[in-house]
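Report on one structure; see the data block that follows.
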Amino acid sequence: MRKTFQLWAVLCLASLNGLAGGTPKPNIIFILADDMGIGDAGCYGQKWIQTPNLDRLAAEGIRFTQAYAGTTVCAPSRCALMTGRHIGHAAIRANRELAPEGQEPLPAGTFTVAQLCKNAGYATAAFGKWGLGFVDSSGAPDRMGFDTFFGYNCQREAHHYYPNHLWRNHERIPLDGKTYAHDFIAGEALAWLRAHAKERFFLYVPFTIPHPLFEVPDLGPYTNAPWPDAQKKYAAMLTRMDASIGQIMALLQELKIDDQTLVFFSSDQGADNPGVLKTFHSNGPFRGIKRTMYEGGLRVPMVARWPHQIPAGVVNSTPWAFYDFLPTVSELIHQPLPAKVKTDGLSIIPALLKGDTLAREFFIGNCMRGHSSKPSGWAIGRACATGSENHWNFMTWPRMLRKRTTLPPKIRRWSGGSIIFCSASMCPIHSGRIRLASLKQNRP
Ligand SMILES: [Ca+2]
């Protein structure tokens, strides 16, 4: 009898904790840096910039070596992260600036990972830089599933670390021009976390560091470093953001929810400042920078920590991309996507929780030239399964393939695994052998 009661009690507890799918439903935090290269973190080999909290996150969780941003500029990359669509299908495919403040908005009714979490009863919030729809537009954060937004709505405004205002949902928060916005935003994120610790939550923290302008209240440990001023500021900004990550992790512990919380960290694309690239090798060994479709523009740091669910210290080479986040979260929180919602991504749960190395047929990425959202076509590039950009070779995508979503065996064999499809109108895919670059865009 006593054993029966114990079993019943365990089953009840399991049910309360959402164990129906075999794994408890976690809180999810996604911290996103802005233009931080894969080589900027100590856990990816950085020797000069101190990122102890990020390094600990990786040591206590999983570090992915072949994770890809949505694409190589801000808005479309973040669109892929939020909507689970690659850039061939995404609603936002370029940084399209609007006046007076904001970017091209996500269309009304766009389904996002925040909406998915809301459907599962999660509290949702975003703190940082949005860039996917100006205030009161169809793509404003509160219309994209976020209960709370605080920070910069507009990407251009986020270039300034001492702004004269930020936004709390629809409310314009005037500032004195002397407040370091990163600190303010991080503080607001911590306050929200404390207030929602007893709920299940999705917290998206798209910090604005280390995107230029390079502005920081102090140079911290780099005051006397033998570098130009810009490099000192860049390093100090990253270490400051790392401290904010440390504060988030410490608060999770204080609130006793860190083993119920899955924390991701990544960056929206590679670094692009020539000075920092030269001094710090910010994009690691990879060729290219932000805006280019080389590894240096696309490959990003990606670590994830979830105590007792993700084994500590795992390094995984599964190729995955921002548009895999939506289906991954869907599985994590046991919340199916609505029938009408399509994703181009795959759940990376087997890699995340078991350390399996998953095979991918192809990736799609592109980078629009300027602000155009009408690329002239596609080229196909062999992706970098070996980690070397030397494996980029471009070939034609015959007209008959344009509307296919899977690859015919001939191309699959040729690819040897993953493929990245690139817009042929973009400027930087000039390496390799582009033999045809005049196909029409494959719009959904
Ligand atoms: Ca960026």
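Screening segment 283-298 for residues that are within 14 Å of the ligand (Cβ to nearest atom) and not in a helix (DSSP H, G or I) and picking the one that is modelled with the highest pLDDT gives 283. When segment 244-266 is filtered for residues that are in a helix (DSSP H, G or I), among the hydrophobic types (A, V, I, L, M, F, W, C) and touching a residue at least 24 places away in the same chain (Cβ under 8 Å), the ones remaining, listed by number, are 245, 248, 249, 251, 252. Of the residues making up segment 333-360, just one is exposed (fewer than 13 other Cβ atoms within 10 Å of the Cβ) and hydroxyl-bearing (Ser, Thr, Tyr), namely 357. Exactly one residue out of 112, 71, 83 is among the β-branched types (Val, Ile, Thr), within 16 Å of the ligand (Cβ to nearest atom) and either in contact with a Phe, Trp or Tyr (Cβ under 8 Å, 6 or more places away or on another chain) or in the same structural domain as residue 324 (by TED's automatic domain parsing) (or both), and it is 71. Residues in segment 30-61 that are among the hydrophobic types (A, V, I, L, M, F, W, C), surrounded by fewer than 24 Cβ atoms within 10 Å (Cβ to Cβ) and more than 16 Å from the ligand (Cβ to nearest atom): 43, 48, 59.
Residue 242 meets the conditions (1) more than 17 Å from residue 34 (Cβ to Cβ); (2) among the acidic types (Asp, Glu); (3) buried (at least 22 other Cβ atoms within 10 Å of the Cβ) in every case but one. The failed one is (1). The number of residues in segment 48-105 being in a loop (DSSP other than H, G, I, E, B), at pLDDT below 95 and within 24 Å of residue 234 (Cα to Cα) comes to 6. The number of residues in segment 267-282 being outside any loop (DSSP other than H, G, I, E, B) and either surrounded by fewer than 24 Cβ atoms within 10 Å (Cβ to Cβ) or of a type in the set (Lys, Arg) (or both) comes to 6. If you go through segment 19-26 one residue at a time, do you hit one that is within 16 Å of the ligand (Cβ to nearest atom) and either surrounded by fewer than 21 Cβ atoms within 10 Å (Cβ to Cβ) or modelled with pLDDT of 95 or more (or both)? Scanning segment 19-26, I find no residue that is within 16 Å of the ligand (Cβ to nearest atom) and either surrounded by fewer than 21 Cβ atoms within 10 Å (Cβ to Cβ) or modelled with pLDDT of 95 or more (or both), so the answer is no. Pairs meeting the criteria (first residue in segment 71-82 and farther than 17 Å from residue 346 by Cα and touching a residue at least 40 places away in the same chain (Cβ under 8 Å), second residue within 12 Å of the ligand (Cβ to nearest atom) and among the basic types (Lys, Arg), beta carbons under 8 Å, at least 6 apart or on different chains) are 72/290; 72/291; 73/290; 73/291; 74/129.
Taken as a whole, the condition of being assigned by TED's automatic domain parsing to the domain that holds residue 28, under 17 Å from the mean Cα position of the chain (by Cα) and either modelled with pLDDT of 95 or more or not hydroxyl-bearing (Ser, Thr, Tyr) (or both) does not apply to residue 343. The sole residue among 120, 126 that is of a type in the set (A, V, I, L, M) and out of contact with any helix residue (DSSP H, G or I) (no Cβ under 8 Å at 6 or more places or on another chain) is 120.
For segment 256-272, the set of residues classified as out of contact with any Lys or Arg (no Cβ under 9 Å at 6 or more places or on another chain), over 15 Å from residue 29 (Cβ atoms) and within 16 Å of the ligand (Cβ to nearest atom) consists of 267 only.
The values are calculated or read from the model by the stated rules, or taken from the named source; none is laboratory data. On a predicted model such as this, the values are computed, not experimentally measured, just so you know. Counting neighbours? That spans all protein chains shown, and the Cβs are built from the backbone with ideal geometry, glycine included.
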